[in-house]
Structures are given as C-alpha cells and as structure tokens.
Amino acid sequence: MSTEPPGPKGVPVIGNSGQYARDPFEFITACAEAYGDVVHFELGPIDTYMITNPADIERVLVTDDAKYTKPKFQDDAIGDLLGEGLLLSEGDTWRKQRELAQPAFLMSRLSGLSDQMVDYTVEMLDDWTGGEVVNVHLEMARLTVKIIVEAMFGSTIDDERVRTVQENLEPLGSRFEPNPFRFAIPDWAPTKENREYKRALSTIEEVVWDLIDEREGTQDGDGEEPMDLLSILLRARAEGRQTDENLRDEMVTMLLAGHDTTALTLTYTWYLLSQHPEVEARVHEELDSLLGGDRPTFADVRQMEYTEAVLNEAMRLYPPVYTIFREPQVDVRLGGYRIPEGSAVMLSQWAVHRSPRYWDDPLEFDPDRWLDERADDRPRFAYFPFGGGPRFCIGKQLSLLEARLILGTVCQEYRLEYERDEPFDLRGSLTMHPRQPMEMRLVER
C-alpha cells in the first residue's frame with residue numbers, strides 16, 4: 001500500500017484551504033466520497049489527514065488517545081478566546097479541571113434544574129404570539145444562554161446582557177470561519193476584523209466577570225454548598241487551587257460553548273420537523289399522550305423515546321460540531337497509512353454521519369433508524385456528535401436534558417413553520433451555523 005494517502009491537489013502556499021474556505025461541507029463530502037477512509041490535504045501550512053472510518057476514529061479518541069493532543073494550530077487560533085478552559089487545556093491541567101468540574105454535571109444535580117429550564121422556556125413562550133415570525137436560532141440561543149447561566153453560574157442573566165452576548169457572538173464567530181489567508185495575518189495587525197474581534201472578546205469577558213462578581217457576593221453562609229461550576233471554582237480559588245485566569249477561561253468557555261451547541265441542535269430540529277409533518281405529528285402525539293398538557297418534568301424526559309430519536313437524527317444530519325482535530329505526538333498508523341507526528345488529524349462528524357457506508361438513505365430524516373434493529377448494526381463511532389473517549393463533551397447530558405424539556409414545552413403550544421421556500425445555507429466556524437436567519441412562523445396548536 002502507498003505510504004501517502006490520496007487527496008485533492010492543492011496550490012502553492014495555501015494548499016487546499018481555498019477550496020475548504022469556499023464551502024467546508026462540500027469539500028469534506030467530496031473528499032470522503034472520492035478518496036475513502038484517509039484523505040491527505042493541506043490547510044495552508046498544515047498537513048491534514050481526514051479520517052472517516054469509525055474504527056480509526058475510535059482508535060484516535062479512545063484506544064490510543066494518549067498519543068494525541070489538541071492541535072497547536074487550534075490553540076493558536078482560539079487560545080485567546082477560551083484560554084486553558086476544558087476545551088483546550090491538556091495533560092495535568094485538563095485532568096485537574098475536569099475532575100474539579102465533574103460534580104456540576106452529574107445527572108443527580110442536573111435533574112434538579114429541570115423546573116428552572118422549563119420556567120425559562122415558558123417565559124420565552126409568554127413573549128410569543130401565534131402568527132408572528134421569529135428567528136428561531138436567536139430565540140433558542142437567548143433561551144440557552146439563560147439556562148447555562150442558571151445551571152453553571154448559579155445566577156440569572158437579564159435580557160440586556162443576553163442581548164450583549166448575542167450581539168458579540170457574530171464578530172467572535174467570524175474570526176473562525178475558514179479563510180485561506182488568515183494564517184498570514186498576525187493577531188496584532190490593526191485590521192478591521194482584528195479590532196472587532198478584540199472588542200467583542202473584551203465585552204464577553206466583562207459580562208463573565210460581572211456574573212462572577214455577583215456570584216462571589218453570595219458565597220458566604222452556613223447553608224449547603226452550591227454545586228454550580230462557578231461556585232466550585234470559587235471555592236477552589238479560595239483554597240489556592242484556582243487563579244483568576246482559570247476562572248475566566250472556564251466560565252468564558254462555559255458561557256459560549258455551553259449554550260451554542262444546544263441552541264443549534266434545537267434550531268435544526270425545528271427546521272427538520274417543519275419539513276416532515278409526519279414526524280412532527282408523531283412528536284406531538286408522544287408528548288400529548290405523555291404530558292397531557294402539563295409541564296414536562298425530569299421523570300417525563302426518560303419516557304420521550306421518539307422525541308429523543310428526533311434529536312439524535314437532527315444531530316446526525318446537522319452536527320453542531322461538524323469536525324474535530326487531534327495532533328499525533330508520535331508517528332501513528334491509521335487506515336494502513338503512516339500519519340506523521342505534528343500533523344493535523346481531522347475527524348469529521350459531517351462526513352461520517354452522512355456516509356452511505358454506515359447509514360441507509362443517509363440524507364433522509366428518519367428518526368426510526370434509532371428505534372429499530374438498524375441501531376444495533378452500525379459501528380460505535382459512526383455517530384459522535386459529542387466526541388468520544390476521555391475528552392467527550394462534559395455537557396452532553398445537560399444538553400440532551402435541556403433539549404428534550406424545551407421541545408416538550410414548546411410543542412404543546414406551537415408548531416413552527418419554516419418561512420423560506422429554499423433551504424438555508426451553512427457556514428463553518430467553531431460550530432456549524434445557518435448562514436441565513438432561521439425565520440419561522442409560530443402556529444398555535
């Protein structure tokens with residue numbers, strides 16, 4: 001077998017990054033279809049190897065995870081945004097922070113937040129009116145910001161600060177859209193993009209520090225110690241085990257990553273339900289039968305079998321995290337090829353979740369594929385929206401609980417109808433966002 005995997009031909013200096021930047025989703029799909037399990041291309045100066053075989057993906061994330069780290073280029077790109085938070089930290093720093101944070105994400109704790117999640121959803125519904133058109137992505141993001149602040153900051157965030165967060169997400173996200181020439185522009189260069197990014201980052205940090213200061217003022221007392229993430233970190237700081245920088249990095253990471261993926265999952269779910277009325281009707285039937293018009297509870301969530309299948313299928317077709325990267329610390333072999341130390345290994349949910357090798361009719365929205373015998377036949381890592389291995393997303397259970405409670409609450413009141421005649425486009429950033437406003441009409445049930 002050849003020692004060099006196949007792949008598309010690039011151009012000098014920028015390699016294949018121009019093709020990737022024009023449409024990362026089309027590029028990833030075309031590469032997977034044309035070249036198979038291991039594809040070699042260059043993203044600017046970075047030698048990249050895309051892996052699409054679930055067995056190899058499991059090897060990278062689970063079996064041989066100690067041989068890989070988060071890539072240096074990723075740290076360089078988003079290190080000033082997320083710092084040494086859980087998404088980017090490595091080694092002992094990551095293990096210490098993960099162990100410290102874990103109690104905040106235990107299901108025994110999250111179950112007690114169910115009522116607050118429903119309260120925030122009802123509060124949103126109180127502002128909705130049948131017949132109006134809303135940008136459902138913005139609505140879901142505002143809602144999930146409030147929920148993540150309640151769940152992980154142990155606090156509340158007012159509508160003005162929610163708007164501030166929303167207004168500054170665009171310049172932050174734009175910084176990470178694929179750009180074949182960005183590697184050549186230093187962060188200190190006084191470009192319009194750099195200035196807007198720094199202003200947005202400063203504003204987000206101000207919001208986070210305001211929330212930290214407010215929470216810090218409520219830490220005294222003899223009652224039971226609160227187990228939200230911020231309270232845990234504040235206690236650790238008082239014991240000398242955390243610094244202000246640790247606090248900043250973890251809470252910025254939690255605010256941004258903790259709301260974004262859930263909001264996107266819900267956004268794509270609403271769109272898919274609007275395009276498949278037969279699936280929507282089954283969701284309503286399950287929820288009506290289970291809830292009988294009452295608010296959903298944590299106990300109800302466990303019985304939302306079809307609703308959960310709908311969410312799984314939405315994350316299969318539209319995975320908010322559409323690709324993840326690892327950097328081998330030694331030469332490794334994947335798919336029969338040598339992958340050199342220091343290169344970038346790309347594991348693409350987008351490619352694998354839509355592969356006809358692992359999914360029948362892969363572009364069809366079919367929640368039943370999660371409920372019949374097909375669910376037992378596919379490889380473990382044919383589906384990995386939350387990553388896998390020791391570094392799987394710590395917020396997985398929170399996100400799934402939140403999404404089911406929100407669906408269970410909204411679907412009793414409204415159907416959402418997609419307003420545009422044509423499908424939306426996607427843009428790649430740190431996560432996969434719709435390029436156009438997701439305008440949907442609220443139809444009272």
Please verify whether segment 327-338 includes one or more residues that are under 26 Å from HIS259 (Cα atoms), surrounded by fewer than 18 Cβ atoms within 10 Å (Cβ to Cβ) and of a type outside the set (A, V, I, L, M, F, W, C). no
For segment 336-378, which residues satisfy the criterion of being part of a loop (DSSP other than H, G, I, E, B) and in contact with a strand residue (DSSP E or B) (Cβ under 9 Å, 6 or more places away or on another chain)? GLY336, PRO340, GLU341, GLY342, SER343, SER348
Can you tell me which residue is most open to solvent (accessible area, probe 1.4 Å) among those in segment 379-400 that are assigned to a helix (DSSP H, G or I) and hydrophobic (A, V, I, L, M, F, W, C)? LEU400
Taking interchain pairs and intrachain pairs at least six residues apart, which have beta carbon atoms under 6 angstrom, with the first residue in segment 59-71 and surrounded by 16 or more Cβ atoms within 10 Å (Cβ to Cβ) and the second basic (Lys, Arg)? VAL60/ARG326; TYR68/ARG326
Cβ-Cβ under 7 Å, sequence separation 6+ or interchain: first residue in segment 313-325 and closer than 17 Å to ARG404 by Cβ and at pLDDT 95 or above, partner open to solvent by 10 Å² or more (accessible area, probe 1.4 Å) and assigned to a loop (DSSP other than H, G, I, E, B). Which pairs? GLU313/PHE365; GLU313/ASP366; MET315/PRO385; ARG316/TYR383; PRO320/THR431
Which residues, taken from segment 29-58, are closer than 19 Å to GLY428 by Cα, open to solvent by 20 Å² or more (accessible area, probe 1.4 Å) and part of a helix (DSSP H, G or I)? THR29, ALA30, ALA32
Considering only segment 116-132, I want to know if a residue exists there that is in contact (Cβ under 8 Å) with a residue 60 or more places away in the chain, surrounded by 19 or more Cβ atoms within 10 Å (Cβ to Cβ) and in contact with a Phe, Trp or Tyr (Cβ under 7 Å, 6 or more places away or on another chain). no
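Rundown of residues vs (1) charged (D, E, K, R); (2) in contact with a helix residue (DSSP H, G or I) (Cβ under 9 Å, 6 or more places away or on another chain); (3) crowded, with 22+ Cβ neighbours inside 10 Å; (4) under 30 Å from GLU26 (Cα atoms), yes/no style:
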position	(1), (2), (3), (4)
GLU224	yes, no, no, no
ARG241	yes, yes, no, no
GLU245	yes, no, no, no
VAL252	no, yes, no, no
PRO277	no, no, no, yes
GLU286	yes, yes, no, no
THR297	no, yes, no, no
ASP300	yes, yes, no, no
GLN303	no, yes, no, no
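The rows are residues; the columns are (1) in contact with a strand residue (DSSP E or B) (Cβ under 9 Å, 6 or more places away or on another chain); (2) of a type in the set (D, E, K, R); (3) at pLDDT below 95.
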residue	(1), (2), (3)
GLU84	no, yes, yes
SER89	no, no, yes
LEU100	no, no, yes
HIS137	yes, no, no
GLU167	no, yes, yes
Which is in contact with a Gly (Cβ under 8 Å, 6 or more places away or on another chain) and either more than 25 Å from ARG161 (Cα to Cα) or in a helix (DSSP H, G or I) (or both), of GLU214, GLU250, GLU196? GLU250
Checked against (1) assigned to a helix (DSSP H, G or I); (2) open to solvent by 60 Å² or more (accessible area, probe 1.4 Å), LEU87 satisfies every condition except (1)
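The values are calculated or read from the model by the stated rules, or taken from the named source; none is laboratory data. None of the values given here were measured: they were computed from a predicted structure. For neighbour counting, all protein chains shown are included, and Cβ atoms are generated from backbone atoms with ideal geometry for every residue, glycine included. Just so you know, the surface numbers come from the protein's heavy atoms only, side chains and all, with ligands and any DNA or RNA stripped out. Shrake-Rupley method; radii C 1.70, N 1.55, O 1.52, S 1.80 Å.
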